[in-house]
Amino acid sequence: SFGGNFYVNIITGIPVRYSTAGFVAFRKSTLDAIDLDAIPSTGYAYQIEFKNAVLKAGKKITEVPIQFVERKVGASKISHKIILEAIYAPWRILEKKIVQHFTSRRNQRLLALALLALAAFFALFRLSESPSVWYDEGIYTQMAMNLSDHGVVGFQLSPGEITHVSRVTVGYPLVVPLALTMKVFGTDILVSRGLMVAFLLGFLALAYLLIKKEFGYTAALGTLTLLATFPPLYGNGKSVLGEVPGLFFFVLALWCLYQVSVRVQRSWWAFLAGASLGLCAATKPLFLVSLGAFAIASLTMRRGASWSIRDVGFALLGIALSLGVWFGMQFSTGDSPAVTLAFYANPYQTASLGTTILTNVKSLITGATPLYLLFLMGVWSVSLVIRYVKKEHIALSEHTAFLTAVLIIVAYLRIVGWYRYLFPAQIIALLYAVPSLMVIVREVRMRVLFRATAFLRPFAVGGVMLLSIIGIYGLSSNSWVAEYYGSHKTAFWEQYFKTAPVQESFFFYDIPEVARFAHGRAYYQYIAPAGGPFSTKELTAVEQGLVDTIIVRTDTYKSEISLFSKHYRSTGEYYKYSVLEKQKLLP
């Protein structure tokens, strides 16, 4: 009894010491004030919910101690059903309190702002160090730096020479805002990552507004709760990468698509939806599948008259303008669009596509991350089927989002199986997870006896809360982004180049994440991402000993020591990078 009542009080906060007591007295007026039919429990849990209903009706409860005598004869009437009912009843009470508390629009907005503030805290915490600046981030920030300083989207591969490269995996929707930000505030890592925080918070705000419009406040708050406490959002979102900016433009496109279905003047919104989809696709090649998803969704919904030929035309115009700017900036010089698009189709130059697909299919059903994604997609699929069967309206925005997530998963099968490539699909699936769960709970409760399924709703709310608690724990101490809270790598390289002699020349061997800290210096750089190096002529500077210092990953130095050993020797290792100094010739 003590343990059970402690459990009830912790969860519900009912100011009653002995909630399960059945020896109670009450006035008829109290009984008249309570809707007894609304209490679904039948066992000891009934006593708990009855007392909660008395308090909810504004009545007062007074507890009078009695002398309780342990059972001496007979058998307990408690069954497994009664025990299970008593376990979930407090959660049902808590769920009702939460719903009641946040019924008012003011409280709902306050909670949304609190969740955004929580997201801002985790996004800004140790921003320059967590996670550490890494390979792709070094490439993208260098592109923006050179665009800001020299007006060229490219890289300094040799001193004083900026080389345009088409074969990169982000476009102008990220690089141009980043270059403008650097132009105003400087090239510090905090500046570039500050823009990423703006994209991240903007994405969360748009996600909340979209789900609120489509499914209501409750679904929007649940969605925002899951997204704001999802650790991979910060692992990929704080770094200068294309995924979160792409998701920002994608959700903006979904928002505009939804506006098309509810506005009288629809053509303007259709144009904005197309322009946003084009920006999304131009931000990261992975999102090119969103264009196919939009085309399929538009064709399948054509009979529903939700899209007119005029709307489609304005949307295509918006897509064409966004992609036109992308082609003009990225393919003005260098590789042809065909070569670059072929690279996007097979970025790791996989020889055996069948073997790669088979390996990735196995990873989908064995790894925790893809299994979680498949579970979310399963819930979403069941929700869509229910609404299709019931002939309920499903917005074009949701059609497009679902097909985009499916195509991202399919695209993942063709490349090296890093879960980062599933991240956008995870976020899109989380976007519709809570609304889908609400549809399923509603359908089950309609088809099965209402009282028998009364536990589903509080368990669903409890599941969302549990996932958010696990997410907060991960963000605090047990996730990829949390691993770097104690790192000082950024501070080290900033100080290193600040104190290095100005006249000292450097060579960065396939470490753009370190080269970005040497911005403004005379240096050589060799970059060899997936698909092959940008250029190899710069290696002559190493072979002929033309630079003072080489910085290279330690594992690369050990595996290719013959390239460096002729003129250079290692003088130190820092954060898995080796610093090689040129040998001085003896007289």
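Might you check whether a residue that is open to solvent by 30 Å² or more (accessible area, probe 1.4 Å), within 21 Å of F517 (Cα to Cα) and modelled with pLDDT of 95 or more occurs anywhere in region 563-572? Working first, answer last.
Within region 563-572, the first condition is being open to solvent by 30 Å² or more (accessible area, probe 1.4 Å), and the residues that meet it are 563, 565-567, 569-571.
With within 21 Å of F517 (Cα to Cα) added as a condition, the list becomes 570-571.
Still in the running and modelled with pLDDT of 95 or more: none.
Taking every residue of region 563-572 in turn, none turns out to be open to solvent by 30 Å² or more (accessible area, probe 1.4 Å), within 21 Å of F517 (Cα to Cα) and modelled with pLDDT of 95 or more.
Under 23 Å from the mean Cα position of the chain (by Cα), touching a residue at least 60 places away in the same chain (Cβ under 8 Å) and open to solvent by less than 60 Å² (accessible area, probe 1.4 Å): is that true of V464 in this structure? Don't jump to the end; show me each part of the working.
Working: under 23 Å from the mean Cα position of the chain (by Cα): yes; touching a residue at least 60 places away in the same chain (Cβ under 8 Å): yes; open to solvent by less than 60 Å² (accessible area, probe 1.4 Å): yes.
Here the answer is yes, as V464 does meet what is asked.
Of all residues in region 227-269 being open to solvent by 10 Å² or more (accessible area, probe 1.4 Å) and part of a loop (DSSP other than H, G, I, E, B), which is modelled with the highest pLDDT?
In this case the residue turns out to be F230.
Have a look at L286, L317, L321 and point out the one that is of a type outside the set (S, T, N, Q), assigned to a helix (DSSP H, G or I) and open to solvent by less than 40 Å² (accessible area, probe 1.4 Å).
Going through L286, L317, L321 in turn, just one is of a type outside the set (S, T, N, Q), assigned to a helix (DSSP H, G or I) and open to solvent by less than 40 Å² (accessible area, probe 1.4 Å): L286.
Kindly indicate the residue of region 22-45 that is under 20 Å from I78 (Cβ atoms) and free of Cβ contacts under 8 Å to residues at least 40 places away in the same chain and also least open to solvent (accessible area, probe 1.4 Å) among those meeting that condition. Spell out how you get there, then give the answer.
So the first thing to find is which residues in region 22-45 are under 20 Å from I78 (Cβ atoms), and the list is 22-24, 39-45.
This time we only want the ones that are free of Cβ contacts under 8 Å to residues at least 40 places away in the same chain, so: 22, 24, 39.
Details: G22: 54, V24: 64, I39: 9 Å².
Top of the filtered list is I39.
Would you mention how many residues in region 513-563 are hydroxyl-bearing (S, T, Y) and over 21 Å from K582 (Cα atoms)?
1
Where residues in region 46-95 are within 21 Å of V448 (Cα to Cα) and small (G, A, S), which of them is most open to solvent (accessible area, probe 1.4 Å)?
The extreme case among them is A86.
Could you check how many residues of region 289-314 are open to solvent by less than 10 Å² (accessible area, probe 1.4 Å) and over 27 Å from the mean Cα position of the chain (by Cα)?
Summing the residues that are open to solvent by less than 10 Å² (accessible area, probe 1.4 Å) and over 27 Å from the mean Cα position of the chain (by Cα) in region 289-314 gives 2.
If I ask for residues that are open to solvent by 10 Å² or more (accessible area, probe 1.4 Å), over 22 Å from A207 (Cα atoms) and outside any loop (DSSP other than H, G, I, E, B), which ones from region 390-417 would you list?
Result: V410, A411.
If you check every pair at least six apart or on different chains, which have Cβ atoms under 8 Å apart with a residue in region 552-580 that is free of Cβ contacts under 8 Å to residues at least 12 places away in the same chain first and a residue that is of a type in the set (D, E, K, R) second?
Partner pairs satisfying both residue conditions: T571/E581.
Limited to region 353-389, what total is found for residues that are part of a loop (DSSP other than H, G, I, E, B) and free of Cβ contacts under 8 Å to residues at least 12 places away in the same chain?
Number of matching residues: 2.
In region 540-556, what residues are more than 34 Å from the chain's Cα centre (by Cα) and open to solvent by 30 Å² or more (accessible area, probe 1.4 Å)?
Within region 540-556, T540, E543, Q544, L546, D548 meet the criteria.
Scan region 379-397 residue by residue and report those that are modelled with pLDDT of 95 or more and closer than 29 Å to Y344 by Cβ.
Selection gives W380, S381.
Report yes if A482 is closer than 30 Å to V547 by Cα, of a type outside the set (S, T, N, Q) and at pLDDT 90 or above, otherwise no.
no
Step by step: first the residues of region 217-226, then only those that are open to solvent by 20 Å² or more (accessible area, probe 1.4 Å) and under 25 Å from Y372 (Cβ atoms), then the one that is nearest to the chain's Cα centre (by Cα). Which residue is that?
Checking each candidate, the answer is T225.
Residues of region 3-19 being of a type in the set (S, T, N, Q) and open to solvent by less than 30 Å² (accessible area, probe 1.4 Å), which ones?
Of everything in region 3-19, those that are of a type in the set (S, T, N, Q) and open to solvent by less than 30 Å² (accessible area, probe 1.4 Å) turn out to be N5, T12, S19.
The values are calculated or read from the model by the stated rules, or taken from the named source; none is laboratory data. If you're wondering where the values come from, they're calculated on a predicted model, not measured in any experiment. Positions of Cβ are generated from backbone atoms using ideal geometry, with glycine treated the same way; all protein chains shown enter the neighbour counts. Please note that ligands, DNA and RNA were not included when accessible areas were found on the heavy atoms of the full protein model with its side chains. Shrake-Rupley method; radii C 1.70, N 1.55, O 1.52, S 1.80 Å.
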